């Protein structure tokens, strides 16, 4: 027979242990790690938000559609860059549906970049990512797009009578790509760039040079 005093003692110990665990694991540790993360790297800790002139437009970790020719293009997305969900194509990679979609992606890439040949296009630039929100593309793909991006920004500036100058635009885009490239593995890894970083940089350049107004951002 269990003694009443021993039972109460056991219950008190259990309740104390539960409360300590809840406070420690559910509050103290998460709060401490959050404070440390925000101190060390506040940008990443808060979701690497895209902030333009005080307004948040998304995250550098989540690709978005940039439909104008003066932007670099992210990888194709089976979910149309829907940030409320992620996902890959519903068909197997070895089906005709997958092949036809890849062909369409290749044709679209070639159409946007007419001086590019098929053999130059890296596979990652025309194949859907697993999440549909991958912000990274190979550095080689960005290099293939540079000519179109530079030319489009220049023509836009001419049409708006801003006359920024082709040399200034070229230097800006070259520097943007070269200074933001990363390597996925030290020494032997492949180089890539984050499309969101590139395109946000272009947006800021256009805002600073009168090619776009804050009200035009969506």
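What follows draws every value from the coordinates through simple rules; no lab data is involved. Predicted model only: the values in this text are computed from it and were never measured. No Cβ is skipped: glycine too gets one built from the backbone with ideal geometry, and neighbour counts run over all protein chains shown.
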Whether region 48-216 is rounded, prolate or oblate, judged on the alpha carbon gyration tensor where a/c under 1.5 counts as rounded: prolate
Between the helical axis of 4-23 and the dominant principal axis of the chain, each derived from Cα atoms, what acute angle in degrees is found, rounded to the nearest 10? 20 degrees
Which order do 176, 207, 99 fall in if you start with the one that has the fewest other Cβ atoms within 10 Å? 99, 207, 176
Least to most buried among 12, 148 (fewest other Cβ within 10 Å first): 12, 148
For region 129-170 and region 56-89, what is the separation of their C-alpha centers, rounded to whole Å? 16 Å
What does the extension gain come out to for residue 213 and residue 51, with contour length at 0.36 nm per residue minus their alpha carbon separation? 56.8 nm
Based on C-alpha coordinates, I'd like the Rg and Dmax of region 90-181, in Å. 16.1, 50
Under the 0.36 nm per residue contour assumption, what length would be gained going from the current alpha-carbon distance of residue 171 and residue 65 to full extension? 35.7 nm
Where a ≥ b ≥ c are the square roots of the eigenvalues of the C-alpha gyration tensor, would you call region 11-111 rounded, which needs a/c under 1.5, or, failing that, prolate if a/b is larger than b/c, or oblate? oblate
So how do 6, 124, 145 line up by other beta-carbon neighbours within 10 Å, fewest first? 6, 124, 145
If r is the Cβ-Cβ distance from residue 158 to residue 103 and R0 is 41 Å, what FRET efficiency results, to the nearest 0.05? 0.70
Using only the alpha-carbon atoms, how far is helix 29-40 inclined from the longest principal axis of the chain? Give it as 0 to 90 degrees, nearest 10. 30 degrees
Springs between alpha-carbon pairs under 10 angstrom, Gaussian network model over the chain: which of 202, 40, 79 fluctuates most? 40
Summing -39500 (n - 2.57) over every DSSP H run of at least 4 in the chain, dividing by its residue total and rounding to the nearest 500, the 222 nm mean residue ellipticity is -15500 deg cm²/dmol
By how many nm would the segment from residue 40 to residue 187 grow when fully extended, if each residue of separation counts as 0.36 nm and the alpha-carbon distance is taken off? 50.3 nm
Determine Rg/Rh for region 139-218; Rg is computed over alpha-carbon atoms and Rh is the Kirkwood hydrodynamic estimate from the same atoms. 1.03
Under a plain spin-label model, where a point goes 7 Å from the Cα along Cα-to-Cβ, how far apart in nm are residue 21 and residue 83? 3.8 nm
Return the single residue from 49, 104, 181 with maximal mean-square fluctuation; model: Gaussian network over the chain, springs between Cα atoms under 10 Å. 104
In Å and on Cα atoms, what radius of gyration and Dmax does region 76-143 show? 12.3, 36
Given the C-alpha centroids of region 16-40 and region 182-218, what is the distance between them in whole angstrom? 36 Å
